[in-house]
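Let me begin by presenting the structure, written as structure tokens, before commenting on it.
The values are calculated or read from the model by the stated rules, or taken from the named source; none is laboratory data. What you are looking at is a predicted structure, and each value in this text was computed from that prediction instead of being measured. Methodologically, a virtual Cβ is constructed for each residue, glycine included, from the backbone with ideal geometry; neighbour enumeration extends over all protein chains shown. Quick note on the areas: whole protein, heavy atoms, side chains included, nothing else; ligands and nucleic acids left out. Shrake-Rupley method; radii C 1.70, N 1.55, O 1.52, S 1.80 Å.
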Amino acid sequence: MSTLFVNNIKHTGGTSAMAIDSSGRVAQPVLPSITVEISTSGYVNVAHEAIIPFNNILFHNGGLNTSFNTSTHKLTIPIAGVWSISFHALAESSESTLDASLFLERSGSNVRQCRFFQSTNRGISGSIHIPCLVSDILTIQNNSGGTRGYIGTGGNEGNRYTWWSSTFLG
């Protein structure tokens, strides 16, 4: 049997990668994660098969603020492994359905589409764990029927209308 006596696992540069408290809880202060939203008020008109325009970073950790492009609305994966993706959107009241898909692009081609965000009651939510390689690109696209989808924006700290969150699991 071995015993490892540590409080913090650190890089030689002094940054703390992991901390284990006396109860055994593990904290990872630089675990790559990001949450983004659409930074306008009201609703945004997103064309059918267009990328949802997430353009405001609410939270980031582990360098993901440089991996998410707020102009193209794409997340470029910086570390290979399993990622947890969560998404929520609120449709405008005239929308009969709202449908969205997560796309994984690798070397310029869509290699995976996860079409699991679908609703007929205005609000849609979903999450998935997905294996990614370095430089894979993730986007969320509107797939609502017809020519467009009106997606709610804004909200407040406790009630965001539309957001996307990605966290590296390992």
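Looking at Ser84, Ser165, Ser144, Ser94 in this structure, which one is open to solvent by less than 70 Å² (accessible area, probe 1.4 Å), modelled with pLDDT under 85 and on the phi < 0 side of the Ramachandran plot? Let's see the steps before the verdict.
Numbers: Ser84 fails: modelled with pLDDT under 85; Ser165 fails: modelled with pLDDT under 85; Ser94 fails: open to solvent by less than 70 Å² (accessible area, probe 1.4 Å).
Of the residues listed, the single one that is open to solvent by less than 70 Å² (accessible area, probe 1.4 Å), modelled with pLDDT under 85 and on the phi < 0 side of the Ramachandran plot is Ser144.
With the structure loaded, tell me whether Ser127 is at pLDDT 80 or above and either touching a helix residue (DSSP H, G or I) at 6+ places or on another chain (Cβ under 7 Å) or assigned to a loop (DSSP other than H, G, I, E, B) (or both) or whether it fails that test.
Values: at pLDDT 80 or above: yes; either touching a helix residue (DSSP H, G or I) at 6+ places or on another chain (Cβ under 7 Å) or assigned to a loop (DSSP other than H, G, I, E, B) (or both): no.
No.
Would you check which residues across the range 58-79 are open to solvent by 50 Å² or more (accessible area, probe 1.4 Å) and of a type outside the set (Ser, Thr, Tyr) and list them? Write out each step before concluding.
Pass one, the range 58-79, residues open to solvent by 50 Å² or more (accessible area, probe 1.4 Å): 58-60, 65-66, 69-72, 74, 76, 78-79.
Within the range 58-79, Leu58, Phe59, His60, Asn65, Asn69, Lys74, Pro78, Ile79 qualify.
Does Ala50 satisfy being of a type in the set (A, V, I, L, M, F, W, C) and either more than 18 Å from Thr167 (Cα to Cα) or touching a residue at least 12 places away in the same chain (Cβ under 8 Å) (or both)?
Working: of a type in the set (A, V, I, L, M, F, W, C): yes; either more than 18 Å from Thr167 (Cα to Cα) or touching a residue at least 12 places away in the same chain (Cβ under 8 Å) (or both): yes.
It is true that Ala50 is of a type in the set (A, V, I, L, M, F, W, C) and either more than 18 Å from Thr167 (Cα to Cα) or touching a residue at least 12 places away in the same chain (Cβ under 8 Å) (or both).
Name, by its number, the condition in (1) at negative phi; (2) buried (at least 17 other Cβ atoms within 10 Å of the Cβ); (3) touching a residue at least 24 places away in the same chain (Cβ under 8 Å); (4) of a type outside the set (A, V, I, L, M) that does not hold for Asn55.
(3)
Could you list, ordered by first residue, the pairs with Cβ atoms under 9 Å in which the first is in the range 145-157 and of a type in the set (D, E, K, R) and the second is open to solvent by less than 60 Å² (accessible area, probe 1.4 Å) and modelled with pLDDT of 70 or more, at least 6 apart or interchain?
Once the first residue is of a type in the set (D, E, K, R) and sits in the range 145-157, its partners that are open to solvent by less than 60 Å² (accessible area, probe 1.4 Å) and modelled with pLDDT of 70 or more give Arg148/Val46; Arg148/Ala47; Arg148/Ala50; Arg148/Asn142.
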